[in-house]
Amino acid sequence: MKLLKLVPDNTNIRFLRWRLPFYIMSAILIAASWGMVLTKGLNLGVDFVGGQMIRVTFQNTAAAPVAELRETVGRLGYGEPIIQQFGKPNEVSIRMKLPEGSAQNADLADQMARKITAAIKVDHADARIDGVDSVSGKVSGELFKTGMQALLAAMAAISIYIWVRFEWQFGVGAMFSLIHDVSLTLGMFAITQMEFDLNIVAALLTLIGYSLNDTIVVYDRIRENMKKFRRMPMPELLDLSVNETLSRTLVTSLSVLITLVSLLLFGPNVIFGFTAAITLGIFVGTYSSVYMAAPILIWLKVNPTSFVPTETDLERQERLTREGA
Amino acid sequence: MLDFPRWKQLWLWSITLLACLAALPSLLSVGGVNLPAGLPSPKINLGLDLAGGSHILLEANPEQVKRQRLETMEEDVRARMRQADPAIRIGDISTKDGTVSFIVADPGQVDAAREQLQTLTSGAQLTGQRDWDLQVLDGNRVVLRPTQAGIDLAISQAMDTATEVVRKRIDALGTREPTIIRQGAQRIVVQVPGLKDPAALKNLLGQTAKLEFKMVDSLALPSDVAQGIAPPGSEIVPLEAAPGSTQPAGAIAVKRLGGIKGDRLTNAQQSFDQQTNEPVVTITFDQQGGAKFAKLTTDNVGKPFAIILDGKVLSSPVINEPIIGGTARISGSFTIESANQLAIALRSGALPVDLKVVEERSVGPDLGADSIAKGMIAFGVGTVALMLFMLVTYGRFGFYTNAALILNTLMILGIMAIMNTTLTLPGIAGFVLTIGAAVDANVLINERIREERTRGRRVVNAVEMGYTEASRAIFDANITNVIAATLMFVFGSGPVRGFAVVLMIGIATSVFTAVTLTRMWVAGWLRRARPSELVL
């Protein structure tokens with residue numbers, strides 16, 4: 001039986017030769033992502049800005065009549081709705097600001113939801129109301145704050161963990177690749193204007209955990225090789241480590257992608273944005289573990305002596321025989 | 001590494017089987033089969049976003065608790081000073097700036113007053129924390145300032161009571177399996193699955209149901225009342241607006257003191273007024289409450305008194321005769337429905353603090369069923385594709401990987417059922433994702449074994465090295481995932497937490513199945529077949 005090999009044995013691709021252009025590209029991408037986030041802005045959902053969101057599925061219509069809905073809802077006098085399709089074209093979310101005074105009287109928000117759903121049902125018998133979310137400004141502000149706290153705390157905690165397990169340079173490398181991954185994903189949300197809600201924060205947290213898996217595998221191999229080949233120059237050693245783990249990096253990324261793509265194609269529409277965020281994250285995470293996390297070690301001047309300062313006689317003997325051979 | 005004695009194998013298999021067995025009831029119930037009653041059948045709960053229902057976040061206003069505490073203190077101080085022997089005359093009592101302050105008429109009695117206040121100001125807690133700080137200014141002005149510990153305790157107690165009251169009210173609605181949890185210092189989360197009309201529930205929860213009976217100050221000038229000016233010793237209370245009207249209904253002046261609270265009730269029922277046939281609420285006092293009410297009505301025959309609910313006057317009937325039976329009828333502009341709601345609210349007791357809805361999410365029942373169906377399809381397609389990929393990439397080792405994957409799936413479900421966790425919509429995604437990530441460890445191991453073989457190690461040696469060397473990276477990688485999932489759980493809410501729980505369970509089981517179980521299988525195969533070559 002012949003098995004599939006995505007990567008031939010003993011590849012020797014000199015990834016790090018192109019590190020400078022790739023670094024410049026990464027820097028441009030990160031800057032561009034933040035530029036998009038700051039100029040175009042994220043399409044924040046009611047979780048983060050407060051308001052009311054009504055989700056409607058049109059069961060017998062191929063595509064939801066967005067323009068018509070906008071007019072129907074707009075006519076009720078509650079202001080302009082934000083109407084967006086998500087997942088499938090026949091599912092929409094209708095977002096409204098909460099009516100004046102609803103902070104004191106929650107009934108007003110209820111009345112608005114009832115009027116809107118009634119108005120939609122008059123025109124469209126096949127409309128199915130899937131859910132109504134009302135979030136007050138106070139709660140949404142807190143949700144946004146805790147969401148951001150969670151993201152920053154996760155990035156910091158993971159970087160610190162890497163620092164403790166490896167060396168400080170590795171921690172910094174991990175942090176930069178996390179910033180890279182999160183920035184690019186945020187950039188995608190700014191460009192596509194997909195709704196950014198609590199679930200997306202959960203997706204970003206997941207992404208932070210998973211995108212670092214590849215980085216850790218590469219780092220682990222770098223550490224191992226640094227013990228083995230003490231006199232090898234860093235760029236070469238990094239290239240060797242990346243090449244040795246290349247097959248693994250590709251296979252694991254591919255296996256996660258298989259399940260993610262199946263979720264994107266067949267999974268519940270409500271979590272389309274969530275899955276999309278993680279999918280993109282896996283791509284940029286794989287790239288960043290090769291081109292962000294590894295080369296940064298050269299600039300931070302990691303060398304074999306900064307690592308594993310103590311070597312027992314036995315290890316020394318072993319190393320000498322290995323290097324001799 | 002590859003040594004698995006019989007007892008260890010037995011042990012590993014029994015853990016696996018037990019966890020898988022726990023998944024059985026949940027799996028069967030999806031297929032519409034229920035286990036006979038009596039058998040333990042742990043099941044995975046469906047979150048609101050899958051089962052449909054309402055999630056309501058209520059927030060209390062701590063300022064209100066503080067204010068009420070000051071008012072109670074004022075009354076207590078008056079009572080204590082009156083009851084003291086000899087009585088201590090006080091004056092200029094006020095509850096301004098968050099303190100209770102008053103003047104002791106005879107400066108010589110300040111120490112006696114201090115003595116009397118001793119039990120009121122020292123905390124009920126055994127910690128020695130005081131509830132109030134007592135200060136004497138200018139020789140005879142006593143100032144009582146609540147301590148932070150006392151305020152925190154009062155708010156916490158108020159929230160406990162409020163949670164209990166909310167539970168009673170929801171139970172009275174007859175909804176099934178509501179979840180009512182306190183969240184943080186001043187919030188309560190209410191989750192009711194399968195609820196069709198959250199409006200009724202919210203109305204019921206929004207009602208504080210604080211009932212008071214106070215005498216009407218008939219000497220107050222209507223012109224003063226209209227301007228909101230109350231005569232000394234009285235206060236202005238607005239009238240409850242008639243249903244449907246948006247006009248303010250005016251106000252009346254009532255005496256601040258001498259009224260009674262309607263909190264000592266044994267029952268409250270919706271009924272009808274025999275003469276007008278309008279809906280009313282009949283309340284029954286307990287013995288003490290009944291006695292107080294009898295005294296109030298006996299002392300004030302022929303005078304009007306105000307029935308005040310949540311700071312609004314429902315009605316102000318004239319007391320025709322003493323009411324000594326312990327039951328009374330509350331009239332107002334009720335509909336049958338609103339009278340019934342008030343009865344439920346009164347029966348379950350007043351909320352010690354107003355609750356406001358600050359977040360509400362409701363999900364229709366169809367969406368959830370839809371999501372589960374789609375989630376299962378996505379899971380099926382993803383898993384089959386992934387297993388094929390593993391099989392063509394790693395052959396025999398891919399087969400072990402796949403077996404571990406199947407057991408992993410069952411174990412996640414089983415542990416979720418045992419822990420009684422809730423499966424949410426993002427949780428489904430977490431589940432599918434975990435499957436994709438679970439093979440990570442196997443890929444790492446298999447690739448390493450491949451590598452060691454190409455370097456020329458013997459089969460057994462290569463396998464052993466594969467597992468040892470890969471474990472380090474597997475460990476580190478999973479720790480980072482645990483960190484992310486933990487933070488998600490700590491900071492997240494509702495559905496996101498459900499996702500975090502699935503991730504964490506998945507991380508634990510995947511390490512078990514992907515590393516420990518496959519190692520056991522590979523070791524068994526190596527012992528039996530003693531291969532000299534690996535197809536990998």
(request) State, to one decimal in nm, how far the label point of A:GLN59 lies from the label point of B:ALA172, with both points 7 Å from Cα in the Cβ direction. (result) 3.6
(request) Please find the FRET efficiency linking B:ALA199 to B:GLN83, where r is the Cβ-Cβ separation and R0 is fixed at 51 Å, and quote it to the nearest 0.05. (result) 0.60
(message) Starting from the 7 Å offset along Cα-to-Cβ, what nm value, one decimal, do you get for the label separation of A:LEU152 and A:ASN10?
(response) 5.1
(request) Would you list, by chain and number, the aspartates and glutamates whose Cα falls below 18 Å from the Cα of A:LYS5, excluding same-chain residues fewer than 8 positions away? (result) A:GLU244, B:ASP440, B:GLU447, B:GLU451, B:GLU452, B:GLU533
(message) As I understand it, the value is the acute angle between the Cα axis of helix B:110-121 and the longest principal axis of the Cα atoms of chain B; what does it come to in degrees, rounded to 10?
(response) 40
(message) With 10 angstrom as the radius, rank B:VAL281, A:VAL201 by how many other C-beta atoms surround their C-beta, starting from the fewest.
(response) A:VAL201, B:VAL281
(message) Set the bar at 29 Å for Cα to Cα. Now go through B:LYS312/B:LYS356; B:LYS210/B:LYS303; A:LYS121/B:LYS43 and name every pair that lies beyond it.
(response) A:LYS121/B:LYS43
(message) Of all beta bridges DSSP finds with both residues in the protein assembly as shown, what is the antiparallel percent, to the nearest 5?
(response) 95
(message) Could you work out [θ]222 nm for chain A from helices alone, using -39500 (n - 2.57) per DSSP H run of at least four and dividing by all its residues? Round to the nearest 500 deg cm²/dmol.
(response) -21500 deg cm²/dmol
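Span-like helices, chain A: DSSP H, alpha-carbon axial extent 24 Å or more, mean Kyte-Doolittle -0.5 or greater, which ones?
A:19-39, A:107-123, A:137-165, A:168-192, A:198-228, A:234-266, A:272-291
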(request) When a/c is below 1.5 the answer is rounded, else prolate if a/b is larger than b/c, else oblate, so apply that to region B:311-420 with a ≥ b ≥ c taken from the square roots of the Cα gyration tensor eigenvalues. (result) prolate
(request) For A:LYS145, list the aspartates and glutamates whose Cα falls under 12 Å from its own Cα; do not include residues on the same chain fewer than 8 positions away. (result) A:ASP47
(message) Can you classify region A:101-154 as rounded, prolate or oblate using the Cα gyration tensor, where a ≥ b ≥ c are the square roots of its eigenvalues, rounded means a/c under 1.5, and otherwise it's prolate if a/b beats b/c and oblate if not?
(response) oblate
(request) Starting from the Cα of A:LEU3, step 7 Å toward the Cβ, then list every residue of region B:494-536 with an amide N under 19 Å from that point. (result) B:514-536
(message) Please list, ordered by chain and number, the residues whose modelled amide H lies under 5 Å from the amide H of B:ILE319; skip anything fewer than 5 residues away on the same chain.
(response) B:GLY302, B:LYS303, B:PHE305
(request) Have a look at B:VAL357, B:GLY375, B:SER333 and report the one farthest towards the positive end of the charge dipole of region B:297-449, computed about the Cα centre with Cβ charges (Lys/Arg +1, Asp/Glu -1). (result) B:GLY375
(message) Please compute the length gained on full extension between B:LEU10 and B:ARG67, using 0.36 nm multiplied by the number of residues separating them and subtracting their Cα-Cα distance.
(response) 14.0 nm
(request) Would you please classify the overall shape of region A:1-144 from the alpha carbon gyration tensor, given that a ≥ b ≥ c denote the square roots of the eigenvalues, rounded means a/c under 1.5, and beyond that prolate means a/b larger than b/c while oblate covers the rest? (result) prolate
(message) Can you compute the FRET efficiency between B:LYS292 and B:ILE93 using 1/(1 + (r/R0)^6), with r the Cβ-Cβ distance and R0 = 30 Å? Round to the nearest 0.05.
(response) 0.85
(message) From the helices alone, meaning DSSP H stretches of at least four residues, give me the mean residue ellipticity at 222 nm for chain B, per-run term -39500 (n - 2.57), in deg cm²/dmol to the nearest 500.
(response) -17500 deg cm²/dmol
(request) For region B:8-13, take each phi angle, set θ = phi - 60°, evaluate the Karplus expression 6.51 cos²θ - 1.76 cosθ + 1.60, and give the result in whole Hz per residue in order, putting x for glycine and proline. (result) 5, 4, 4, 4, 5, 5
(message) Explain nothing, just compute: Karplus ³J(HN,Hα) = 6.51 cos²θ - 1.76 cosθ + 1.60, θ = phi - 60°, for every residue of region B:402-410 in order, whole Hz, x for Gly and Pro.
(response) 5, 4, 4, 5, 5, 4, 4, 4, 5
(request) List, in order, the whole-Hz ³J(HN,Hα) value for each residue of region B:435-446 obtained from phi through the Karplus relation with A = 6.51, B = -1.76, C = 1.60 and θ = phi - 60°; use x for Gly and Pro. (result) 4, x, 7, 5, 6, 3, 4, 5, 4, 4, 5, 4
(message) So, R0 is 51 Å and r is the distance between the beta-carbons of B:LEU17 and B:GLU115; what FRET efficiency does that work out to, to 0.05?
(response) 0.10
(request) At 7 Å along the Cα-to-beta-carbon direction for both B:ARG457 and B:ALA508, put a label point, then send me their distance in nm to one decimal. (result) 3.1
(message) Which residues among region A:270-284 fall inside the zone where the amide N is under 16 Å from a point 7 Å beyond the Cα of A:TRP18, along Cα→Cβ?
(response) A:284
(message) Quick check: convex hull of the Cα atoms in region A:169-325, volume per residue, rounded to a whole Å³?
(response) 117
(message) For a quick check: sort A:ASP107, B:ASP3, B:ASP370 by the number of other beta carbons within 10 angstrom, fewest at the front.
(response) B:ASP3, A:ASP107, B:ASP370
(request) Quick one: which residues, 5+ away or cross-chain, put their amide H under 5 Å from the amide H of B:SER362? H built at 1.01 Å from N. (result) A:VAL132, A:ASP133, A:SER134, B:HIS55
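Laboratory data are not the source of any read-out in this text; all were calculated from the coordinates shown. It should be emphasised that the depicted structure is a prediction, and the values quoted were computed from it without experimental measurement. Don't worry about glycine lacking a Cβ; one is built from the backbone with ideal geometry, like all the others, and counts go over all protein chains shown.
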